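Read through the structure below, which is laid out as structure tokens, and then see the notes.
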Amino acid sequence: MSDPILRLEKVSKSYDRVGPEHQASKLQVLKSIDFDVYSGEAVCILGASGAGKSTLLHILGTLDRPTEGRVLYNETDMAKESDERLARFRNKELGFVFQFHHLLSEFSALENVMLPARFAGQSEAQARERALELLQLLGVADRRDHFPSELSGGEQQRVAVARALVQRPKILLADEPTGNLDTKNSEQIQELFFQFRLKFGITLIVVTHDINFASRFPRRMVLKDGHWN
Ligand SMILES: Nc1ncnc2c1ncn2[C@@H]1O[C@H](COP(=O)(O)OP(=O)(O)OP(=O)(O)O)[C@@H](O)[C@H]1O
Ligand SMILES: [Mg+2]
């Protein structure tokens, strides 16, 4: 087998905590986690509320740094990269979908999807073309000029998925992407994720509580007490 696209080596994460008597202690959320992900894999991460799933996903996405251990992308240690290089890396290689869409309220659906492409220096015309193509694929092209507040929850989430994909990332990281959707919209988003995997060979890493969604993944990982269960 080739090398993993993403590797975690003994990753730990702790937070400083101040107790009622003002004594300091540490809250150890992740304890020496190893994790290899290969190109094109679809992995889902499960675990009880507070188990550290979002913390882990943020570390995987280089949005947060581990307290100990290493995060390697194609054998490059991300701890050695500057914040600016990490931002460029995320823009180019990673797509993020969160439980709450995080669309920018003052921009239209189309503009929201265009933003990552514009940030990367693409021309207005090129960014618009790609963004429209994705909105079409996701079935929300006719809502392109709506602001987020003028979209339904399912539509907002589909626009957020389009935004995550506009840079044609190698890896899609999603945190409860269907958490706020009804069954029909949830199934549409699930279907789209697997279609994109087939179509673009995208690697999926998805946190979900949805057993139905989880059952579609060939690889399921469960976090418990800071370890893989
Ligand atoms: N910035 C922070 N400072 C202190 N503690 C934190 C911080 N962020 C998270 N935690 C704690 O770390 C633990 C893990 O949080 P995390 O958000 O990763 O859980 P989760 O598995 O995603 O839960 P959920 O399923 O409810 O989203 C929680 O107990 C939380 O209170
Ligand atoms: Mg979470």
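Using the Cβ-Cβ distance between Ser12 and Ser215 with R0 set to 41 Å, the FRET efficiency works out to roughly 0.85.
By the count of neighbouring beta-carbon atoms within 10 Å, fewest first, His209, His22, His58 end up ordered His22, His209, His58. Think of it as helices only: each DSSP H run of n ≥ 4 in the chain is worth -39500 (n - 2.57), and spread over all residues that comes to -10500 deg cm²/dmol at 222 nm.
Among bridges DSSP assigns within the chain, what percent are antiparallel (round to 5)? Within the chain, antiparallel bridges account for around 50 percent of the total.
Can you give me the angle between helix 124-137 and the longest principal axis of the chain, using Cα atoms only, in degrees from 0 to 90, rounded to the nearest 10? The two axes meet at around 80 degrees. For segment 10-96, the Stokes-Einstein estimate of translational diffusion at 20 °C and a viscosity of 1.002 mPa s comes to 148 µm²/s, using the Kirkwood hydrodynamic radius over alpha-carbon pairs. Building the convex hull from the alpha-carbon atoms of the chain and averaging its projection over directions returns 14.0 nm². Note on Thr76 and Ser2: the model spin-label points, each 7 Å out from Cα along the C-beta direction, lie 1.6 nm apart.
For segment 60-101, the mean projected area of the C-alpha convex hull, equal to one quarter of the hull surface, is 3.6 nm². The modelled label-to-label distance between Ala141 and Leu104, using points 7 Å beyond Cα along the C-beta direction, is 2.5 nm.
Length gain on complete extension for the stretch Glu124 to Ala24, per 0.36 nm per residue less the alpha carbon to alpha carbon distance?
30.9 nm
If you rank Ser123, Ser2 by fewest surrounding Cβ atoms within 10 Å, what's the result? Working shown, then result.
Numbers: Ser123 10, Ser2 6.
Ranking Ser123, Ser2 by Cβ neighbours within 10 Å, fewest first, gives Ser2, Ser123.
In plain terms, the residue of Thr67, Thr55 with the fewest other Cβ atoms within 10 Å comes first and the most crowded comes last, giving Thr67, Thr55.
Read-outs: derived from the displayed coordinates by stated rules, not from any lab. Every value quoted in this text rests on a predicted model; they were computed, and no experiment measured them. All Cβ positions, even for glycine, are placed from backbone atoms using ideal geometry, and neighbour counts span all protein chains on display.
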